[in-house]
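A short worksheet on the structure shown next.
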Amino acid sequence: MSTTQEIDSINKLGIIAGGGNLPAYLLSVCKEKGITAYIVALKDQCSTELIEDHPEKQTLWTELGTAGKIIDYFHDNNVTDLVLIGSVKRPTFSQLKLDVKGMQIISQIGLNAMGDNGLLKAVRKILEKEGFAVRALQDFCDELLMPHGTLGKFAPEKSDKANINLGIRTSQKIGAMDIGQSVIVQDSSVIGVEDIEGTDALIKQCASLLKPDIDGGILIKTCKPQQDMALDLPTIGVDTIQNAYNAGIKGIVLHAGHTFLVDPKNIAEYANKYKMFIIGIDIPITSE
């Protein structure tokens, strides 16, 4: 059976939801497709307002460390297909409220022994051992993926090519080391690289470092070379566009076909308003 046939046959979907708007968008897609969604909303991560209309009996609010509770919830509701979606701030060990299963998992994989991609892959293996199939968000809503080419009215200038190429090389290098996905470049120099704090934190950190008397900086965000395509693809929303503009960034380069746009229409409108270019570039990757 092909992936498309498998997705079309799904009538129940489990969603483990972190922060951002994507969980709510996936819920709306499930409603349109007639899929019954059972959502595990992670406390202090998932937004209450975004899922407040979802049926209470199909919603479980719990902490990140309650693995046994989460697994039992899906098993009890005969859910076998899962999507992990939304941003998750990695907690310290003292912040985790672990149940017995959560403690077993942490002892197996460690909390800080690997980067985000490695940790998510380990979690995926555990879920698959429990009988779940982990699906990719784009299997349900590929219209959110950044296309090849420009989004909006503006495009990079020829003089931006060297900075863009430098940014792509650097973002792929830090991605291969499972450090982050984004870098900011200006004037043939890397101004900053993303770490565990994320892209918006990188933008704010670089705001005072960008030189206002020369061409604006460029934000480059790409998928890690070893990225699991079902987990943690790069994502940007309107907030990222606003933060980039306020920091003095002139344009954003995204990994075409491997980056989610939260509300593409509004992103394009804000880019036009700020006279900022957003472009999707094809970059070969080797997923595992």
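The values are calculated or read from the model by the stated rules, or taken from the named source; none is laboratory data. Note that the structure is predicted; figures quoted are calculated from it, not measured. No Cβ is skipped: glycine too gets one built from the backbone with ideal geometry, and neighbour counts run over all protein chains shown. Surface accessibility is based on the protein's heavy atoms, side chains included, excluding ligands, DNA and RNA. Shrake-Rupley method; radii C 1.70, N 1.55, O 1.52, S 1.80 Å.
Quick check on my filter: what residues within region 44-59 are in a loop (DSSP other than H, G, I, E, B) and crowded, with 16+ Cβ neighbours inside 10 Å?
So the first thing to find is which residues in region 44-59 are in a loop (DSSP other than H, G, I, E, B), and the list is 44-48, 52-55.
Within region 44-59, Gln45, Cys46, Ser47, His54 qualify.
Sort through Lys69, Lys89 and tell me the only one that's within 18 Å of the chain's Cα centre (by Cα) and either in contact (Cβ under 8 Å) with a residue 24 or more places away in the chain or part of a loop (DSSP other than H, G, I, E, B) (or both). Being within 18 Å of the chain's Cα centre (by Cα) and either in contact (Cβ under 8 Å) with a residue 24 or more places away in the chain or part of a loop (DSSP other than H, G, I, E, B) (or both) holds for just one of Lys69, Lys89, which is Lys89. For residues that are among the small types (Gly, Ala, Ser) and open to solvent by less than 10 Å² (accessible area, probe 1.4 Å), tally how many sit in region 60-88. Residues in region 60-88 being among the small types (Gly, Ala, Ser) and open to solvent by less than 10 Å² (accessible area, probe 1.4 Å): 1 in total. Scanning region 29-43 for residues that are more than 19 Å from Leu96 (Cα to Cα) and either part of a helix (DSSP H, G or I) or not hydrophobic (A, V, I, L, M, F, W, C) (or both) turns up Val29, Cys30, Lys31, Glu32, Lys33, Gly34, Thr36, Tyr38. Restricting attention to region 241-288, the residues being of a type in the set (Ser, Thr, Tyr) and either open to solvent by less than 10 Å² (accessible area, probe 1.4 Å) or at pLDDT 95 or above (or both) number 4.
The listed residues are Ile196, Ile203, Ile164, and the only one of them that is within 30 Å of Ala122 (Cα to Cα) and assigned to a helix (DSSP H, G or I) turns out to be Ile203. From the list Leu84, Leu42, Leu27, the one residue that fits, being touching a Ser or Thr at 6+ places or on another chain (Cβ under 8 Å) and not charged (D, E, K, R), is Leu42. Here Ala268 clears all of (1) outside any helix (DSSP H, G or I); (2) closer than 25 Å to Phe154 by Cα except the condition numbered (1).
Taking the criterion of being surrounded by fewer than 17 Cβ atoms within 10 Å (Cβ to Cβ) and at pLDDT 95 or above, the residues of region 164-186 that qualify are Asn165, Arg169, Lys173. Figure legend. Inter-residue proximity from region 122-141: first residues of a type in the set (Val, Ile, Thr), second residues open to solvent by 50 Å² or more (accessible area, probe 1.4 Å), beta-carbon distance below 6 Å, spacing 6+ or different chains. Indicated pairs: Val134/Arg124.
Against the condition buried (at least 21 other Cβ atoms within 10 Å of the Cβ), touching a residue at least 40 places away in the same chain (Cβ under 8 Å) and assigned to a helix (DSSP H, G or I), how does Leu26 come out, does it pass?
On the way: buried (at least 21 other Cβ atoms within 10 Å of the Cβ): yes; touching a residue at least 40 places away in the same chain (Cβ under 8 Å): yes; assigned to a helix (DSSP H, G or I): yes.
Yes: the conditions hold for Leu26.
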